[in-house]
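Enquirer: The structure is given below, and queries will be raised subsequently.
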Amino acid sequence: MNRKSSDTPIEKTTLIGKRVRKPDAPDKATGKTRYINDMVLPQMLIGKILHAGRPHAEIVSIDVSAAEKLPGVHCVLTGKDAEGLRFGFVRDNVALKNRVRCEHDEIAAVAAETEEIADRAMALITVEYRDLPGVFTPEDGREKDAPQIHDDFPDNKSLHFEFRHGDLAAAEAASEIIVDNVFRVHHVTHCCMGTSCAIADFDSNGKLTIWSQTQYPYNYKMDLAPALGMHPGDIRVMQPPVGGAFGSKLDVYPYEPIAALLAKKTGRPVKVMFSREEEFRSSPTRQPAVIHMRTGCTRNGTLTFRSADVLLDNGAYTSWGPTIPVVMMRTTTGHYRVPVVHFNAQAIYTNNPYAGSFRGYGNVQTTYATAQQMDMLAEQLDMDPIDFHLKNAQQSGETTPQQAFLRECALDECLRTAAQASDYSAKHRRYTLAREQQGRYKKGIGLASSIHNAGGAKIHKSDGCGTILKVDDYARVTVITGASEIGQGIDAVINLIVAEELGIPLEHVTIVNDDSDIAPWDVGVHASRTTFIAGNGARRAAVKARQQILNAAARMTEIAAQDLDLRGGFVVREDCGTKVIKLEKLLRRMHFQPEPELVMVTDYYEPNSEPEGADHRSDHSAAYSHAVHVAEITVDTHTGEIRVDRITSAQDVGRVINRMGLEGQIEGGIAIGLGYALSEEMQLEKGMLKNPCFRDYKVLTAPEMPELDLHFIESNCAEGPYGAKGASELPTIVIAPAIANAVYNATGIRFFNPPLTPEKVARAIWDRQQTETGPSADR
Amino acid sequence: MSLKTEISFRLNGRAVSVTIPVTMKTLTMLREVLGMTGTKYACGEGECGACTIRLDGRTVNSCLMYAVDCDGRELVTIEGLKTENALHPMQQSFVDHGAIQCGFCMPGMIMQADYLAQNNPELSCEDLRRGLEGNVCRCTGYTKVLDAVTAVVEARR
């Protein structure tokens, strides 16, 4: 006789490592998702900002009277409306300015009934400027007689960072080979497809609700409050779906307090949204820098020291950009076993646009230098680069000079895997020999690696994440998490983890994370931390709920809790999978019994890392990870064009949680890194952006995307959720130096200044043909 | 105020009549007059493809096209692909292949991908890459987008 299907035992399965869809994907695919850019509120006004359009000037006079009189205009604000409301990392910024320090400085703002009226009002504002001489490079900003940009920051000095470990002079003396180069890394910008947008509205009690694209809602309140003269507790942050962020929404930028100031003045909701040109001109950049790096080794290929002197182009104001040395020094000290390290970085104010946080956060810039110097040293040693890397690669259990403890280190395996999969060593030798032969097209292969925090980064007092989890009478689960979703896929990761622990379908998990009045504290989406930190939080909350459910089931069935499991929406016997009771039935019984109980749990996960102290000696992340990329390219020596044929990537991801989401993060990270390496550059002339559009600022498109060969190394991180580590920044970090090393392999020319555009490459090849003096100097 | 005019056209299979300023672009009409916010503004200059719609069967950047030129014509937007009961196969394939992260470029990307797949049953990988060149995505690196479209093309063969 057939058993009834309802009696069929349920086998134990796992979702960890499976391919899971993003829960918001169907709405995004059908155009149903209401992004912040799509939002319209009743009575909403449109806010517009008048930008200075000159890099450095005094404002002699400003006349807004004609604009104010235009029908449909509700208010016009200028610098006097934001006086004293200083905000920013070192309180050097205000929402509306009385003096111009960079091209996009916000001089006035209008709230009007339509965009058209707002635009006409802007045209009616007359401003008389007195232009001042500007500072456009950090070197010029350091000069004795350089124009001063901020009265209270003498000598144009912004942030300074220093770390010293060991006797540099002795290490240099003991080095048989030293490479010494200056790398100049450029301005690029995030190019989020959804342009910057904020909607602000005050209630009658004076409480502000701001719909924001922020990726750090809780610190955002703290950072926004001083720009408005408010208490952070009176700000509610709503996070509708956003069109990308990539680090750009990790600070408060002037358009956000401007939206709030306009809303306050008019008593109506106000929406400020950038045009694409405004987005290019007025949103943050990646931090440009001049990196003077020296690395030494002995004749047998053992690294002896590394030193880095870094000059950062701070731009006009201090956002997160000039804080990147915190990460730059981690790579300088931790990219391979370097016993002696000196690191020094100074940010200098200029009249250029200012940098924020951008995926990779300083490590993109530093690894461009460290990974090329590894390649140079290997050549001078006449060693196969892979052997040189392996000889100096750190191992599990080692500690870096900054006290980062590498608990599970898989650099070795990443190197071997990437080299083997790409046939690196044989190709590297072959292409080196082919360099001297005739032929228009030259092939090259380049390897680069780096280290990054992969278990959060305790740069704030806390690196934690709060989670509230409830299971309703129908066995539907709501997870209220502090973690923000900006497209990266923490929604799918949390769904997967909770479904795994509670044995329910993925579709039965709902995530609430778009309202700071509801969701608990989290530091934000940065430092590749969210899967690790929020994933751990979700898992811990789900385990608590699971235990409460199994205990209740044990009481009702008189089967010990440890002999029960949750699978397929049922409580089953752990050993044989036999169904004991349907989960939702159990939940209702728990609820409607004489001593009723609901399943609702809270968790606060704080990783066991140490705060980044002033001396920069701390184990500041709960995990560290490595990635190795091998780039294979073809250079057209006539046109200078670089075609990227294939990227082989081996990355320590700890353990794969959602395979599809992880692949997406690595692929997308590589694309952003390729743009940085090959084509993207903000062309600034005396602080003015010359290419504020996709036609002239070239991001990667589908035809340029190379073939990818991704390898996930699973080092099983003890502290990570199911062993996982953070993963999303390393692919962006490692790609540019892999390309630069490949171009050297193909042409014998080093490029110290990305991007490697056809013009730059062709010019370098031409120059060398003219002089025929071997490898060229600084480009 | 701009001169206004009344136009009539078919939008996702339904007849529509609207009075719009003659200077208005199709994208603005869709988003702000008709409330069809699935089609996205991302550059307004025809350089990113986020506003791609179908006009009489062909794809256009709706940000470049004056709304008055829609008069008497047939428009399909991202909202028009789905049937009552199911996602369009191209939409479903994008979902299943993990081609959607922030998703902001995806309405335009899917419209263009559907056009390419429908009009060229022999669509090669190279054709597909070239055909999507005008659609910028900052999240995915295009790899999963290409996988998603290829799966639809192969299923139709």
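The values are calculated or read from the model by the stated rules, or taken from the named source; none is laboratory data. Please read these numbers as outputs of a predicted model, since none were measured by experiment. Cβ placement follows ideal geometry from the backbone for every residue including glycine, while neighbour counts extend to all protein chains displayed. Surface areas here come from the heavy atoms of the whole protein model, side chains and all, with no ligands, DNA or RNA. Shrake-Rupley method; radii C 1.70, N 1.55, O 1.52, S 1.80 Å.
Enquirer: For the range A:160-172, state whether one or more residues are within 30 Å of A:K760 (Cα to Cα) and not assigned by TED's automatic domain parsing to the domain that holds A:W320.
Expert: no
Enquirer: Against the conditions (1) closer than 22 Å to A:E278 by Cα; (2) open to solvent by 10 Å² or more (accessible area, probe 1.4 Å), where does A:A111 fall short? Just the number, please.
Expert: Condition (2) is where A:A111 drops out.
Enquirer: For the range A:168-189, enumerate the residues that are assigned to a loop (DSSP other than H, G, I, E, B) and farther than 27 Å from A:Q683 by Cα.
Expert: The answer is A:A174, A:S175, A:E176.
Enquirer: Next question. State which residue is farthest from the other protein chains (Cβ to nearest Cβ) when the search covers only the range A:179-205 and only residues that are more than 30 Å from A:A263 (Cβ to Cβ) and touching a Lys or Arg at 6+ places or on another chain (Cβ under 6 Å).
Expert: A:D180
Enquirer: Tell me which of these A:C717 doesn't satisfy, since it passes every other one: (1) within 22 Å of A:A355 (Cβ to Cβ); (2) away from chain B (no Cβ under 12 Å).
Expert: Of everything listed in (1) within 22 Å of A:A355 (Cβ to Cβ); (2) away from chain B (no Cβ under 12 Å), A:C717 misses just condition (1).
Enquirer: Can you tell me which residue within the range A:289-330, out of those that are part of a loop (DSSP other than H, G, I, E, B) and open to solvent by 10 Å² or more (accessible area, probe 1.4 Å), is nearest to A:G362 (Cα to Cα)?
Expert: A:W320
Residue-by-condition table, conditions (1) closer than 30 Å to A:K690 by Cβ; (2) of a type outside the set (S, T, N, Q):
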position	(1), (2)
A:F202	no, yes
A:P241	no, yes
A:A245	yes, yes
A:K264	no, yes
A:P269	no, yes
A:S283	yes, no
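Enquirer: Which of the residues belonging to the range A:284-308 are within 24 Å of the chain's Cα centre (by Cα) and charged (D, E, K, R)?
Expert: If the condition is that a residue be within 24 Å of the chain's Cα centre (by Cα) and charged (D, E, K, R), then A:R286 is the only one that fits.
Enquirer: Would it be correct to say that A:V60 is more than 14 Å from chain B (Cβ to nearest Cβ), closer than 30 Å to A:I117 by Cβ, of a type outside the set (G, A, S) and surrounded by 15 or more Cβ atoms within 10 Å (Cβ to Cβ)?
Expert: Against the criterion (more than 14 Å from chain B (Cβ to nearest Cβ), closer than 30 Å to A:I117 by Cβ, of a type outside the set (G, A, S) and surrounded by 15 or more Cβ atoms within 10 Å (Cβ to Cβ)), A:V60 does not qualify.
Enquirer: Take the range A:490-526 and flag every residue that is out of contact with any strand residue (DSSP E or B) (no Cβ under 9 Å at 6 or more places or on another chain), open to solvent by less than 10 Å² (accessible area, probe 1.4 Å) and farther than 30 Å from A:I581 by Cα.
Expert: A:G524
Enquirer: Right, here's the next one. Could you check A:K32 against (1) of a type in the set (K, R); (2) within 14 Å of chain B (Cβ to nearest Cβ); (3) more than 30 Å from B:G35 (Cα to Cα) and say which number it fails?
Expert: If we test A:K32 against (1) of a type in the set (K, R); (2) within 14 Å of chain B (Cβ to nearest Cβ); (3) more than 30 Å from B:G35 (Cα to Cα), just (3) comes out false.
Enquirer: Name every residue in the range A:387-426 that is aliphatic (A, V, I, L, M) and either within 26 Å of the chain's Cα centre (by Cα) or open to solvent by less than 10 Å² (accessible area, probe 1.4 Å) (or both), in order of residue number.
Expert: Matches in the range A:387-426: A:A393, A:A404, A:L406, A:A410, A:L411, A:L415, A:A418.
Enquirer: Now a separate question. Checking A:A702 against (1) within 14 Å of chain B (Cβ to nearest Cβ); (2) touching a Phe, Trp or Tyr at 6+ places or on another chain (Cβ under 9 Å); (3) open to solvent by 10 Å² or more (accessible area, probe 1.4 Å), only one condition comes out false. Which one?
Expert: (3)
Enquirer: Exactly one condition in (1) assigned to a helix (DSSP H, G or I); (2) of a type in the set (V, I, T); (3) away from chain B (no Cβ under 12 Å) is false for A:I666; which is it?
Expert: Against the list (1) assigned to a helix (DSSP H, G or I); (2) of a type in the set (V, I, T); (3) away from chain B (no Cβ under 12 Å), A:I666 comes up short only on (3).
Enquirer: Any residue that is away from every other protein chain (no Cβ under 14 Å) and crowded, with 24+ Cβ neighbours inside 10 Å - is there at least one of those in the range A:654-663?
Expert: yes
Enquirer: Please indicate, with yes or no, whether at least one residue in the range A:437-448 is in contact with a Lys or Arg (Cβ under 6 Å, 6 or more places away or on another chain) and touching a residue at least 12 places away in the same chain (Cβ under 8 Å).
Expert: yes
Enquirer: Here's something else I'd like to know. Does the range A:737-754 include one or more residues that are closer than 29 Å to B:G49 by Cα, assigned to a helix (DSSP H, G or I) and free of Cβ contacts under 8 Å to residues at least 40 places away in the same chain?
Expert: No - not one qualifying residue is present in the range A:737-754.
Enquirer: Let me ask something else about it. Just one of A:V270, A:V338 is buried (at least 24 other Cβ atoms within 10 Å of the Cβ), closer than 30 Å to A:E115 by Cα and of a type in the set (A, V, I, L, M); which is it?
Expert: A:V270
Enquirer: Same structure, new question: Tally the residues that are open to solvent by 10 Å² or more (accessible area, probe 1.4 Å) and away from chain B (no Cβ under 14 Å), restricting the search to the range A:476-489.
Expert: Result for the range A:476-489: 3.
Enquirer: Checking A:T370 against (1) under 22 Å from the mean Cα position of the chain (by Cα); (2) part of a strand (DSSP E or B), which test does it fail?
Expert: In the conditions (1) under 22 Å from the mean Cα position of the chain (by Cα); (2) part of a strand (DSSP E or B), A:T370 misses (2) alone.
Residue-wise test of (1) assigned to a strand (DSSP E or B); (2) open to solvent by 40 Å² or more (accessible area, probe 1.4 Å).
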position: A:G439; (1), (2): no, yes
position: A:K443; (1), (2): yes, yes
position: A:G446; (1), (2): yes, no
position: A:H452; (1), (2): yes, no
position: A:K458; (1), (2): no, no
position: A:K461; (1), (2): no, yes
position: A:I468; (1), (2): yes, yes
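Enquirer: Counting only residues that are within 11 Å of another protein chain (Cβ to nearest Cβ) and over 20 Å from A:P284 (Cβ atoms), which one in the range A:673-699 is surrounded by the most Cβ atoms within 10 Å (Cβ to Cβ)?
Expert: Checking each candidate, the answer is A:L674.
Enquirer: Quick check on this structure: which one of A:V90, A:V73, A:V64 is among the β-branched types (V, I, T) and more than 13 Å from A:L124 (Cβ to Cβ)?
Expert: That would be A:V90, the only listed residue that is among the β-branched types (V, I, T) and more than 13 Å from A:L124 (Cβ to Cβ).
Per-residue answers, yes or no, for (1) more than 30 Å from A:M222 (Cβ to Cβ); (2) of a type outside the set (A, V, I, L, M):
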{"site": "A:N392", "(1), (2)": "yes, yes"}
{"site": "A:T400", "(1), (2)": "yes, yes"}
{"site": "A:L411", "(1), (2)": "yes, no"}
{"site": "A:T417", "(1), (2)": "yes, yes"}
{"site": "A:G439", "(1), (2)": "yes, yes"}
{"site": "A:I445", "(1), (2)": "yes, no"}
{"site": "A:N453", "(1), (2)": "no, yes"}
{"site": "A:G482", "(1), (2)": "no, yes"}
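Enquirer: May I ask you to list the residues in the range A:333-357 that are assigned to a strand (DSSP E or B) and either more than 22 Å from A:E279 (Cα to Cα) or more than 20 Å from the chain's Cα centre (by Cα) (or both)?
Expert: Within the range A:333-357, A:V340, A:V341, A:H342, A:F343, A:N344, A:A345, A:Q346, A:A347, A:I348, A:Y349 qualify.
Enquirer: Just to be sure, is A:E408 modelled with pLDDT of 95 or more, among the acidic types (D, E) and part of a helix (DSSP H, G or I)?
Expert: Taking the combined requirement at face value, the residue does not satisfy it.
Enquirer: Would you mind finding the one in B:T19, B:T23, B:T59, B:T37 that is outside the structural domain of B:N135 (by TED's automatic domain parsing), surrounded by 14 or more Cβ atoms within 10 Å (Cβ to Cβ) and either over 17 Å from the mean Cα position of the chain (by Cα) or closer than 22 Å to A:V40 by Cα (or both)?
Expert: Residue meeting the stated conditions: B:T37.
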